Amino acid sequence: MEEVIREHETIGLIREMIRFLSQEPLLTEDVAARVGSVTDDPGGLASIIIRPDLAGVEAARLMRDPDSGLPFALKLEFAPAARPAVKDLKEAFGDYDRALTDRGRPAEIFFYPPAAGTRWKVVLVAALAPGAGTIDESSAAGITLRRDSIQL
């Protein structure tokens, strides 16, 4: 029962982070502070490493947009008990598209939740944990939440 509760909490966390990342304005400092504390920020286009304060999240990275320096993508890696099942992600965010990945790399699937803001749409990319038989039987070892500008 504890694992089910953690998976459910992870879906809630993902929803909350999608809403948060949809805000305008939003700076990299805002995202880093919301997720945890920065342990390494080499600047430029390099990822910011964050020690997460989020339940069930073991590691976090924040990537900047190369043109604006604004937050572009947030990668969260989950503890095994907190990994959301693909079936739960489908229930929460709709159908997915499978990405082409290199042989030996974990499968990735994309979800396109409705835009929560007027300037940004957040795309959810789930990196699947190895070992399950099919995608629908898998869980996400980690997710990347990518901010895409809404074109008017």
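The values are calculated or read from the model by the stated rules, or taken from the named source; none is laboratory data. Bear in mind the structure is a predicted one, so any value in this text is a computation, not a measurement. All Cβ positions, even for glycine, are placed from backbone atoms using ideal geometry, and neighbour counts span all protein chains on display.
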Among the residues in region 103-111, are any within 22 Å of residue 29 (Cβ to Cβ), under 16 Å from the mean Cα position of the chain (by Cα), at pLDDT 95 or above and not small (Gly, Ala, Ser)?
no
Go through region 31-58 and give me each residue that's without any contact (Cβ under 8 Å) to a residue 40 or more places away in the chain and assigned to a strand (DSSP E or B).
36, 37, 38, 39, 40, 48, 49, 50, 51, 52, 58
Which one is surrounded by the most Cβ atoms within 10 Å (Cβ to Cβ), of the residues in region 66-93 that are touching a Lys or Arg at 6+ places or on another chain (Cβ under 8 Å) and part of a helix (DSSP H, G or I)?
82
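Return yes when residue 97 is assigned to a helix (DSSP H, G or I) and either exposed (fewer than 12 other Cβ atoms within 10 Å of the Cβ) or without any contact (Cβ under 8 Å) to a residue 60 or more places away in the chain (or both) and no when it is not. Lay out the reasoning, then the answer.
Working: assigned to a helix (DSSP H, G or I): no; either exposed (fewer than 12 other Cβ atoms within 10 Å of the Cβ) or without any contact (Cβ under 8 Å) to a residue 60 or more places away in the chain (or both): yes.
Criteria not met by residue 97.
Quick grid of which residues meet (1) of a type outside the set (Lys, Arg); (2) within 14 Å of residue 93 (Cβ to Cβ); (3) part of a loop (DSSP other than H, G, I, E, B):
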{"position": "110", "(1), (2), (3)": "yes, yes, no"}
{"position": "114", "(1), (2), (3)": "yes, yes, yes"}
{"position": "118", "(1), (2), (3)": "yes, no, yes"}
{"position": "122", "(1), (2), (3)": "yes, yes, no"}
{"position": "130", "(1), (2), (3)": "yes, no, yes"}
Of those in region 115-129 that are farther than 20 Å from residue 85 by Cα and not aromatic (Phe, Trp, Tyr), the residue surrounded by the most Cβ atoms within 10 Å (Cβ to Cβ) is 121
Can you confirm whether residue 150 is surrounded by 15 or more Cβ atoms within 10 Å (Cβ to Cβ) and of a type in the set (Val, Ile, Thr)?
no
Filter region 130-147 down to residues that are under 17 Å from the mean Cα position of the chain (by Cα) and farther than 16 Å from residue 84 by Cβ and give me whichever is surrounded by the most Cβ atoms within 10 Å (Cβ to Cβ).
147
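Would you please name the residue that is surrounded by the fewest Cβ atoms within 10 Å (Cβ to Cβ), looking only at residues in region 100-114 that are touching a residue at least 12 places away in the same chain (Cβ under 8 Å) and of a type in the set (A, V, I, L, M, F, W, C)?
Among those residues, the one meeting the criterion is 110.
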